[in-house]
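K.L.:
The structure's right below; bear with me while I get my questions together.
The values are calculated or read from the model by the stated rules, or taken from the named source; none is laboratory data. Note that the coordinates shown come from a computational prediction; the quantities given were computed from them, not determined experimentally. Counting neighbours? That spans all protein chains shown, and the Cβs are built from the backbone with ideal geometry, glycine included. We work out accessible area using only protein heavy atoms, side chains counted, and drop any ligands, DNA or RNA first. Shrake-Rupley method; radii C 1.70, N 1.55, O 1.52, S 1.80 Å.
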Amino acid sequence: LPSRAPRNHPAPDQLRVAVLPHAPSSLRALQVALAAAVVLPCLAPMPSLARAAATFTYVGSTRCRICHSSERIGGQYQVWAGSRHSKAYETLATDKARAMAKKQGIPDPQKAAQCLACHSTGGGLPATRFEPSFAIVEGVTCEACHGPGSSFAKISIMQGIRKGRLKAKDYGLTVSDKAVCAPCHNKDPHTGGFVDWPGDSARIAHPIPPGYTSGDQAAPAGP
């Protein structure tokens, strides 16, 4: 949303107020100031709407590792690193993957958009959506399921979301569900099918342990 007043609204120096024709200039100035104090807040964009209009970017799993490596908080990074998700891009370089790609006329699956859509994070998006810390070789990372973390990866935002002061969606955080996973984990034999929710997701579940309170660094970690 634009930060300036909409075209049909007056700028601060154009505000008109009803004053007595011969009122002292000091009174007129005071009335204009009061009118601005009442009107301008109505013209300013709401913070939540401004955030919603922002474009979140991908920062890479190394940012997640900072807080989500400790076993005390659930070791979410280790769960991901030990999963097939972290090897999704690497898998495209195997003989099996190249053979499958060749049958479809794809010379290099690690460069093909149709392969990267499910074997990488943010596949097909422009380079402007990725921070220098992001690496495609990490495969299907935390952000593939939980959204680009440029905003919610900040500790202060994490704390606000965990404590209910902030709304996750305002900062790009997604709690994954069947709809998030289904585009890649469908009934296509190539993916092996995705037939049981939440049963299948339980194999890579990485919740914050019940009772964890110290630190408050981590955001809600769904499956």
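K.L.:
Can we say Arg65 is touching a helix residue (DSSP H, G or I) at 6+ places or on another chain (Cβ under 6 Å) and not in a loop (DSSP other than H, G, I, E, B)?
P.N.:
In short, yes.
K.L.:
Give the residue that is surrounded by the most Cβ atoms within 10 Å (Cβ to Cβ), with candidates limited to residues of region 157-174 that are part of a loop (DSSP other than H, G, I, E, B) and more than 10 Å from the chain's Cα centre (by Cα).
P.N.:
Leu166
K.L.:
Looking at (1) more than 30 Å from Met158 (Cβ to Cβ); (2) under 20 Å from the mean Cα position of the chain (by Cα), find the lone condition where Gln104 falls short.
P.N.:
Among (1) more than 30 Å from Met158 (Cβ to Cβ); (2) under 20 Å from the mean Cα position of the chain (by Cα), the lone unmet condition for Gln104 is (2).
K.L.:
Quick test for you: out of Ser70, Ser83, Ser120, pick the one residue that is free of Cβ contacts under 8 Å to residues at least 12 places away in the same chain and on the phi < 0 side of the Ramachandran plot.
P.N.:
After applying the criteria, what remains is Ser70.
K.L.:
Looking at region 81-102, which of its residues are of a type outside the set (Ser, Thr, Tyr), within 30 Å of Glu71 (Cα to Cα) and in a loop (DSSP other than H, G, I, E, B)?
P.N.:
Gly82
K.L.:
Turning to a different aspect of this structure: Is it the case that region 103-112 has a residue that's modelled with pLDDT under 95 and not in a loop (DSSP other than H, G, I, E, B)?
P.N.:
Yes, there is a match, as at least one residue in region 103-112 is modelled with pLDDT under 95 and not in a loop (DSSP other than H, G, I, E, B).
K.L.:
On the given criteria, is Lys154 under 20 Å from His190 (Cβ atoms) and either open to solvent by 40 Å² or more (accessible area, probe 1.4 Å) or of a type in the set (Ser, Thr, Tyr) (or both)?
P.N.:
Judged against the criteria, Lys154 is not a match.
K.L.:
Follow-up. Quick one: how many residues across region 181-223 are among the β-branched types (Val, Ile, Thr), in contact with a Cys (Cβ under 8 Å, 6 or more places away or on another chain) and at pLDDT 60 or above?
P.N.:
Selection size over region 181-223: 0.
K.L.:
How many residues does region 121-135 contain that are among the β-branched types (Val, Ile, Thr) and either surrounded by fewer than 17 Cβ atoms within 10 Å (Cβ to Cβ) or within 16 Å of Arg65 (Cα to Cα) (or both)?
P.N.:
So the count comes out to 1.
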